[in-house]
Amino acid sequence: MPARGQSRNRVDRRNLGLPRKGGGSSRINAILSLISLEIRQSSAWTRGPTGKGSPAATRKEGGLDLPRSSSSHSEPAAEDAAIEEVRWNLARDRDTRPRADTAKPRAASSSKTQKPVKPGLRARIERKLSGFEFAPDLAQDIGSGRWFRGAGTMIALIAVSVALWPDFAPLEAADLANIDENARDEYRSQMIMPLGLGGDSGRRMAATAAVTPLAAAPERPQLQLLSTLGRGDSLDEMLRRAGLGGSEADRIAEMIGGAFPLEEIEPGTQFEITLGRRPAQGASRPLDALSFRARFDLQLSLNRENGQLAVERKVIRVDDTPLRITGTVGDSLYRSARAAGAPASAIQSYLKALGDHVDLGRIAATDTFDIIMAHRRAETGERQAGKLLYAGIERGGKPTTQLMRWGSKERFFDASGTGEERAGLVAPVPGSMSSRFGMRRHPILGYRRMHAGLDFRGRHGTPIVAVTDGRVTGAGRMGGCGIAVRLSHAGNLSTRYCHMSRSAVRPGQSVRRGQVIGYIGSTGLSTGPHLHYEMYRGGRAVDPQSVKYSMREQLSGAELVQFRTTLNRLKTVKPGEALNDLEVTTSEAAEPVREIDRLEQVTRID
């Protein structure tokens, strides 16, 4: 029996089967359960029959002092069941069978004590499954029984997934409906096709026996077409594609050729063609009218009058006032000129002309560019831009650069009549140099001799160009030099190009710098295709690499006076003057054709 001054009863750990050391979640839970049970027992002991915690109100059971209640016997039975359940949990954690004295709950000492309450089925199942690991980590304990059990579980799950994989076999479609001819006609009458053919709705009555087919569909009395002459195309072929017969197309082409050269008709020219009524079923339509712009200032027409075609020439009034465009250079000369309305081709020519005379880097942002280009405007409203005529730069209101295109060679000259500066020599071929000027051992003759020129590598047939302007003084075979060309230049200079496969010039012909005069070969004393290039000054051979000069063409005399007169007249053109429309004279006034009427009448032929 516990002492009277004792605060609470103690629990015998050996009777409950608690371990001396170690732990775990289940052991911790058991200990917490015992502590809770001790607290309840202590509370019951303090509420004894005497109202005070007297020793008589307690009983000892299995090493545990439990309170005894005289009013009810249910509390001791519940306490015995709880203690027995804790013993079972501890025995399960040790993987051992409980001892004989704990295998079954002891019967109550009193006959009135109820049997202990065993855990339910759910609790027993949870206890058994709580220690089972369904998905062990396969990265640990490789080769153990636990690892093989996890591998088997994974394989089984994969097999189940594959077995339950859905089938992607095509579904069986419904049978096609049996549609008879009446239903097909009804479907046809409700198609959307009539909408594409101009119908107000898709509902159309199908043809019945009451409809009488026409023997021949009526045709338009006239058919207006617009045909374009393509590149490499001929006029007669274009007329045949438009629907004219072969003989009539040849006759019309011959009539037009008599009024204007057919080879001068530019590709892209559009022909307005009007075809008349067919003379018979299946025959080609005859030509009633044809009109096209043969030239910017000329329009040709063919009209049928009294059954005969006649050619009519109509000269169009054209104004040739040049177009002048000026503006501030700004950050970019090209962008500023484009913003002012100058065509890209004219700006490129303008920059090239300036680059041949002045340093473009010295042009300031505050300078003013001055561009004058050829421009034509017709009375019918068409406009045509031409080539660059004048390129100038002004600074502070005064011209610093004035260049004008002049002469048959169409080169730019400044206001003093001085032409552009050009380098005197260019490479005759694009290949590299293989032998220089000087003494060397001849590869064929076998002894040392003077090599009076430069050798350039190149493939057979590579073009050879003139290094500068000159005149051909000789072309043909020249001994060991093979097929060669000799040129005479200004400054008492002459050049010779040897071992050609063939020449492209003839004696007495004038050539310009960069013009092809022949092609690389291996004629004469040569070991392979190459160019032997020689230069002479006063009849003596010189090293071509030692000659470096530039050329400037200078106008003089009457030509210089004419040049300055043209330049002054060109500078009198006002900027933007050529953009105004020409005034239409009374004879030129005509009733305008509405654009909507033209679109309805003209059909384009691809």
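By the Stokes-Einstein formula, at 0.692 mPa s and 37 °C, the stretch 223-316 with its Kirkwood radius over alpha-carbon pairs has D equal to 244 µm²/s. The loop-placed trypsin sites (Lys or Arg not before Pro) in the stretch 451-512, going by DSSP, that have at most 11 neighbouring Cβ atoms within 10 Å of their Cβ come out as Arg459, Arg512. With 24 Å as the limit, the listed pairs Lys409/Lys574; Lys409/Lys571; Lys314/Lys409; Lys314/Lys571; Lys352/Lys571 have Lys409/Lys574; Lys314/Lys409; Lys314/Lys571 beyond it between alpha carbons. The largest accessible area among Tyr390, Tyr334 belongs to the first residue in Tyr334, Tyr390, and the rest follow in falling order (1.4 Å probe, all chains).
From largest accessible area down, sort Val160, Val358; use a 1.4 Å probe on the protein chains.
Val160, Val358
Measuring r between the beta carbons of Arg477 and Lys409 and using R0 = 30 Å, the FRET efficiency lands at 0.40. Averaging Cα coordinates gives a centre for the stretch 152-180 and one for the stretch 349-413; these two points are 80 Å apart. Accessible surface comparison of Met450, Met478, probe 1.4 Å, protein chains only, largest first: the order is Met450, Met478.
Per residue, the average separation of C-alpha pairs within less than 8 Å and at least 6 apart gives the stretch 223-316 a relative contact order of 25 percent. The stretch 526-548 and the stretch 222-277 have Cα centres lying 57 Å from one another.
Using only alpha-carbon positions in the stretch 433-547, the gyration tensor eigenvalues give semi-axes of 21, 17, 12 Å once each is multiplied by 5 and square-rooted (largest first).
Per-residue extension of 0.36 nm, minus the Cα-Cα distance of Leu157 and Glu379, leaves a gain of 70.9 nm for this segment. Under 19 Å from a label point set 7 Å out along the Cα-to-Cβ vector of Arg304, the amide N atoms of the stretch 248-265 belong to 248-256. Legend: calculated FRET efficiency, Gln281 to Thr228, from the Cβ-Cβ distance at R0 = 25 Å, rounded to 0.05, equals 0.25. Percent of Cα pairs in the stretch 194-350 per distance bin of 5 Å, from zero to the largest separation: 1, 7, 12, 13, 11, 8, 9, 9, 8, 8, 6, 4, 2, 2, 1, 0, 0.
Restricting the calculation to Cα atoms, the stretch 270-346 shows an Rg/Rh of 1.36 when the hydrodynamic-style radius is the Kirkwood one.
The values are calculated or read from the model by the stated rules, or taken from the named source; none is laboratory data. Please read these numbers as outputs of a predicted model, since none were measured by experiment. A quick note on method: Cβ atoms are made from the backbone with ideal geometry, for glycine too, and the neighbour counts reach across all protein chains shown. The area values use the complete protein model at the heavy-atom level, side chains included, leaving out ligands, DNA and RNA. Shrake-Rupley method; radii C 1.70, N 1.55, O 1.52, S 1.80 Å.
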